[in-house]
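Down below is the structure, laid out as C-alpha cells.
Read the figures in this text as sums done on the coordinates, not as results from a lab. Keep in mind the model is a prediction, meaning the values are calculated, not measured. In this analysis, Cβ positions are derived from the backbone assuming ideal geometry, glycine residues included, and neighbour counts consider all displayed protein chains.
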Amino acid sequence: MRNFSFYNPTRIHFGEGQIDKLAREIPAGSRVLVTHGGGSIFQNGVWQQVEQALAGYTLTRFAGIEANPQFDTLVKAVELGRREGCDFILAVGGGSVIDGSKFIAAALCHAGDPLDLLTGTRAKAALPLGCVLTLAATGSESNPHGVVTHVARQEKLPFSSPLLYPRFAILDPRTTFSLPARQIGNGVVDAFVHTLEQYLTYPADAPLQDRQAEGLLITLIEEGPKALANPEDYAVRANLMWCATQALNGLLGCGVPQDWATHMIGHELTALYHLDHAQTLAVVLPAMLAERREPKRAKLIQYAERVWGIEGDEEAKIDGAIAATRDFFQALGVPTRLADHGLDAEAIPQVLAQLERHGMTALSERRDLDLDASERILLRAL
Ligand code: NZQ
Ligand code: ZN
C-alpha cells in the first residue's frame with residue numbers, strides 16, 4: 001500500500017427528517033446565503049423544510065445555479081452574498097449546486113478576479129458551507145472538489161481546496177424521491193465510475209480498499225435498478241445515497257493508484273457537446289476498459305470474478321465484465337455510445353484539441369494514456 005494522508009471533516013446527518021438539524025449546525029445570528037438550482041426544491045417540499053428549520057435566521061436566497069454550474073451565474077451569487085453581508089452558505093441541491101457554492105464560498109473571500117480561483121490560484125480562505133443533498137451522485141457533499149463551467153471558453157474547470165469541505169451535509173433519502181428517471185440513472189453511473197476509477201487500475205496490495213470498492217459496486221448493481229422500478233422505496237434510496245457519498249469522500253482512494261482518465265475525457269464532452277456528466281462517463285468507460293485491457297488485465301479479471309461472478313478463461317472474463325458494465329449502464333437508461341447522443345467521428349478532433357489545451361496528454365494510473373490512446377477510446381465509443 002502507498003503512503004497516504006486522510007482527512008475528512010464533513011459531519012454527515014443521514015436519514016429521514018434530518019433537515020431539522022440545520023439550526024444546530026448553522027451558528028445563531030448567521031446571515032445565510034441559501035443557494036439552489038431551478039424549481040425542484042419547491043416542488044418536492046425541500047425548500048419548505050429548510051425555511052422552517054431556519055426560522056429566525058436572516059436568509060438570502062440565490063436561485064438558478066444550473067446543471068454544470070456556470071461561472072457567470074456564480075459571479076452573480078457572489079455579488080449578492082457580498083451585498084447582503086452573508087457569512088454562511090447553505091447549498092440545497094445536487095452536485096452542481098454544491099460545487100457552485102464551493103466556488104461562491106471561496107470567491108466571497110477572494111479580493112481579486114474570481115476567475116483566478118479556477119485558473120490555478122488556490123483559495124486562501126472560504127466562508128463556511130453546509131449542504132442539503134437532493135441528488136446522490138457526485139460525492140461533492142463531503143469532498144473538497146468542484147467543477148465550474150466557463151461557457152465562453154467551452155471549459156469545465158476543476159478546483160479543489162481543503163477549505164472547501166462542507167462543514168456538514170444533510171442526507172435525507174426522501175429528498176431524492178422526486179428525481180426524474182434520467183437523474184436516477186445518472187447518479188448510479190457517476191458513483192459506479194468514481195468507484196471504478198479508484199479500483200480498476202493494477203493490484204496494489206490493498207485488499208481492504210479492493211473489497212470496499214467491490215462492496216460499493218455490487219450494492220450499486222443491486223440497488224440501482226430498484227430505484228428506477230420503485231422510486232419511493234426509502235431503503236433503496238438510502239443505500240444509493242450512502243454509496244454515492246462513500247464513492248468519492250476520499251476513503252476508497254487511500255493508498256491505491258487511481259485513474260481519472262474517463263472523467264477527464266468526459267468533462268471535455270460536456271463542455272463541447274453538453275452531455276450530462278454521467279452520460280459522458282457511460283460512453284467513455286466501456287471504451288476505456290476495452291482499450292486498456294492489457295494495463296488493467298489483473299484488475300479486470302478480479303472485477304469480472306468478484307463483482308460480476310463471471311467464470312471461464314481470462315479473455316472471457318474480461319470480455320464478459322466489459323459487456324456487463326455496458327449492459328448495466330444501458331439498463332439504467334444511460335446510453336453508452338456517442339451515436340446515441342447524435343455524435344459521430346467528426347466530434348473527436350475537437351475533444352482531442354481540448355484535451356491537449358488542458359494538458360491532458362498523459363492520463364491514467366500509469367500516465368501513459370496519450371492523445372493517440374484517447375482518440376482510439378473515442379473511436380471505440382462511437
Ligand atoms: O435545478 P433543479 O431544479 O434543482 O434540478 C436539478 C438539475 O436539473 C435536478 N434535481 C436535483 N435534485 C433533484 C432534482 N430534480 C428533482 N428532484 C430532486 N431531488 O437534477 C438536475 C441535475 O442536477 P446536478 O446537480 O447537475 O446533478 P449532479 O449531482 O449529477 O451534479 C453534476 C455536476 O457535478 C460535477 C459534474 O461535473 C457536474 O457539473 N461533479 C462534481 C464532482 C465533485 N465535486 O466531486 C465529481 C463529479 O465527478 C462531477 O464532476
Ligand atoms: Zn463524476
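General remarks:
- Folded to 0 to 90 degrees: helix 95-107 orientation relative to the chain principal axis, Cα: 60 degrees
- Distance in nm between pseudo-label sites at D370 and E84 (7 Å out along the Cβ direction from Cα): 5.2 nm
- In the chain, inverting the average of 1/r over every pair of distinct C-alpha atoms gives 21.2 Å as the Kirkwood radius.
- Candidate lysines for bridging to K299, where Cα separation is under 26 Å - those fewer than 8 sequence places away on the same chain excluded: K317
- Helix axis angle, 297-306 relative to the chain longest principal axis, alpha carbon, degrees: 70 degrees
- The length gained by stretching the chain between F6 and D327 to full extension, at 0.36 nm per residue less their Cα-Cα distance, is 112.1 nm.
- Taking 0.36 nm per residue of separation and subtracting the Cα-Cα distance, full extension of the segment from E356 to D340 would add 3.2 nm.
- Relative exposure of F103, F329, F159, judged by other C-beta atoms within 10 Å (fewest first): F159, F329, F103
- With R₀ set to 45 Å, the beta-carbon distance separating E222 from V151 gives a calculated FRET efficiency near 0.70.
- Amide N proximity, the range 196-233 versus L251 label position 7 Å along Cα-to-Cβ, cut-off under 14 Å: 208-217
- Residues T138, T336, T219 in ascending order of nearby Cβ atoms (within 10 Å, fewest first): T219, T336, T138.
- Treating r as the C-beta distance of E51 and A125 and R0 as 25 Å, the FRET efficiency rounds to 0.30.
- Taken over the alpha carbons of the range 11-176 as equal point scatterers, the Debye sum produces base-10 log I(q)/I(0) values at 0.12, 0.13, 0.17 Å⁻¹ of -0.45, -0.53, -0.94.
- Centre-to-centre, using Cα atoms only, the range 228-301 and the range 51-107 are separated by 27 Å.
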